[in-house]
Amino acid sequence: MDSGPPIGVDALTGQPFCFDPWALYAKGVLSNPNVLLAGVIGQGKSALAKSLAIRSIAAGRRVYVPGDPKGEWAAVAEAVGGVVVRLGVGMPARLNPLDSGPVPARTDATISTAEWAGTVHARRLRLLAAIAETSLGRDLHPAEHAALHAALTAGVPCGEGNVLTIVDVVKALADPNLDAVAADRTTVEQRAADGRDLTHALRRLVRGDLAGLFDGPSITALDPSAPMTVLDLSRLGADDTALAIAMTCASAWLEAVLADGAQGHRWVIYDEAWRLMHALPLVRRMQAQWKLSRAHGIANLLIVHRLSDLDAVGAAGSEARAVAEGLLADCSTRIIYRQESDQLGETAKALGLTVTQRDVLPALSRGTGLWTMPGRAHVVRHDLHPEETAVVDTDAAMR
């Protein structure tokens, strides 16, 4: 492969191996730019992801990491002159997930005020529903959707800068708007009852363990020109539900910029994705972003340990499992590092590997992976430059 930044050497041919999903898509090699990276701990998949990010930036791409659970990407962002936003209790950063963001550039026509307002409203409604569903651990009922729509529509910005925040929506849920109640032919008491669980779910961001992170106007501004932007969520600890809610809010904050195709080609990297797989609302949002990757010029990189991580989403045949498997299907490039022997069958089935490709997996050495694309496969040894090692190799201290 001779398109894009160098990765290493093709172990079967001895030839240099390069990779750029946008260039390969333009050539018709890939049907989409998204990438799956899987491998057991300690085999070098994190080093590959970070090295690919650094080298892609050198080639003119930008990189977003919408959630860094372990705080490992901060050093990479700082090394390339990027931005690190650290979120957590006691940290100064705050993001308002209800920010409307800049009006995206349009090459075909100027977006109207009404069209933009509708886009922002729909984005906010999807976000608030996803937060509530993640917190409640279930889908919303129709009456709850109606209560949420009414509260968002009636929410009166009362914070600094006259900016709508989640606090305003929570207040509107607790104190329903009389005109909206009359228009929907219900009562204030019934509307308040319909929104009671929603109020409790969203209050976690106002008075609970996530208070101060997403409940006011943004303190940090997103710089679309930065080579890399990392949202460090390592201070949230081991609470996967809190992480999923924070990731949902963070992804919404980034969404306005990501939706602007005029910003050029960008990587969006989901590290430690296995921790997010149990949150169906977040996986649904990720799937929507996957579907729009070509329109927005985005390449998503999903990093997991093993394909059995999908079991965290749901049982085979469930809607949740189908959504997660759809993410894999929408990754034209699959990079598989060494897998344990008990994972070979499931990995081969999920990714459509041949018998030969499956048998290669347990024999792969550290830093070597099986790269599969439509109609082709490569065994690639990732070569690290000495100056990269200190930044990207998270296992260096152990060795």
Can you find a residue that is touching a residue at least 40 places away in the same chain (Cβ under 8 Å), part of a helix (DSSP H, G or I) and open to solvent by 20 Å² or more (accessible area, probe 1.4 Å) anywhere in the stretch 166-178?
yes
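Please go through the stretch 343-360 and pick out each residue that is part of a helix (DSSP H, G or I) and hydrophobic (A, V, I, L, M, F, W, C).
Start the filter on the stretch 343-360 by keeping residues that are part of a helix (DSSP H, G or I), which leaves 343-351, 355-360.
Correct list: L344, A348, A350, L351, V355, V360.
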Out of all the residues in the stretch 266-288, is one or more out of contact with any helix residue (DSSP H, G or I) (no Cβ under 9 Å at 6 or more places or on another chain) and among the hydrophobic types (A, V, I, L, M, F, W, C)?
no
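Which one is surrounded by the fewest Cβ atoms within 10 Å (Cβ to Cβ), of the residues in the stretch 270-296 that are in a helix (DSSP H, G or I) and among the aliphatic types (A, V, I, L, M)?
My answer is A295.
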Please enumerate the residues belonging to the stretch 43-56 that are open to solvent by less than 20 Å² (accessible area, probe 1.4 Å) and either over 18 Å from G369 (Cα atoms) or more than 23 Å from the chain's Cα centre (by Cα) (or both).
S56
Of the residues that sit in the stretch 18-37 and are open to solvent by 10 Å² or more (accessible area, probe 1.4 Å) and polar (S, T, N, Q), which one is nearest to N300 (Cα to Cα)?
N32
Between a residue in the stretch 68-82 that is under 14 Å from W267 (Cα atoms) and any residue that is open to solvent by less than 30 Å² (accessible area, probe 1.4 Å) and small (G, A, S), which pairs come within a Cβ distance under 6 Å, given they are 6 or more apart or on different chains?
G82/A226
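Yes or no, residue by residue, for (1) under 28 Å from the mean Cα position of the chain (by Cα); (2) surrounded by fewer than 15 Cβ atoms within 10 Å (Cβ to Cβ); (3) modelled with pLDDT under 90:
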| residue | (1), (2), (3) |
| --- | --- |
| P142 | yes, yes, no |
| A154 | no, no, yes |
| V163 | yes, no, yes |
| D194 | no, no, no |
| L205 | yes, no, no |
| G216 | yes, no, yes |
| S225 | yes, yes, yes |
| M228 | yes, no, no |
Yes or no: T347 under 16 Å from F17 (Cβ atoms), surrounded by 15 or more Cβ atoms within 10 Å (Cβ to Cβ), under 25 Å from the mean Cα position of the chain (by Cα) and among the polar types (S, T, N, Q)?
no
Scope the stretch 232-250; condition within 15 Å of the chain's Cα centre (by Cα) and farther than 19 Å from L136 by Cβ; matching residues
D232, L233, A250
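Here are some residues: V65, V40, V103, V85. Which one is open to solvent by less than 50 Å² (accessible area, probe 1.4 Å), among the β-branched types (V, I, T) and assigned to a loop (DSSP other than H, G, I, E, B)? Quick ask: steps written out before the conclusion?
Working: V65 fails: assigned to a loop (DSSP other than H, G, I, E, B); V103 fails: open to solvent by less than 50 Å² (accessible area, probe 1.4 Å); V85 fails: assigned to a loop (DSSP other than H, G, I, E, B).
The unique qualifying residue is V40.
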Which of (1) open to solvent by 20 Å² or more (accessible area, probe 1.4 Å); (2) modelled with pLDDT under 85 is the odd one out, the single condition S234 does not satisfy?
(2)
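Report the residue count in the stretch 14-37 for those that are part of a loop (DSSP other than H, G, I, E, B) and in contact (Cβ under 8 Å) with a residue 24 or more places away in the chain.
Here is the first cut: in the stretch 14-37, the residues part of a loop (DSSP other than H, G, I, E, B) are 14-15, 19-20, 27-34.
Keeping just the survivors that are in contact (Cβ under 8 Å) with a residue 24 or more places away in the chain gives 19-20, 27, 29-34.
Going through the stretch 14-37 one residue at a time, the tally reaches 9.
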Among I245, I219, the single one that is in a loop (DSSP other than H, G, I, E, B) and more than 26 Å from A348 (Cα to Cα) is I219
Report yes if R62 is touching a Leu at 6+ places or on another chain (Cβ under 8 Å) and among the charged types (D, E, K, R), otherwise no.
no
With the requirement that a residue be crowded, with 20+ Cβ neighbours inside 10 Å and over 28 Å from the mean Cα position of the chain (by Cα), what does the stretch 361-372 give you?
L364
Enumeration of residues in the stretch 182-216 that are in a helix (DSSP H, G or I), closer than 21 Å to L164 by Cα and not charged (D, E, K, R)
A192, L198, T199, H200, A201, L202
Residue under evaluation R381, criteria (1) outside any loop (DSSP other than H, G, I, E, B); (2) open to solvent by 60 Å² or more (accessible area, probe 1.4 Å); (3) modelled with pLDDT under 90, criterion not met:
(3)
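The values are calculated or read from the model by the stated rules, or taken from the named source; none is laboratory data. Predicted model only: the values in this text are computed from it and were never measured. Backbone-built Cβ (ideal geometry, glycine too); neighbour counts: all protein chains shown. These accessible areas exclude ligands, DNA and RNA; they are computed on the full protein's heavy atoms, side chains included. Shrake-Rupley method; radii C 1.70, N 1.55, O 1.52, S 1.80 Å.
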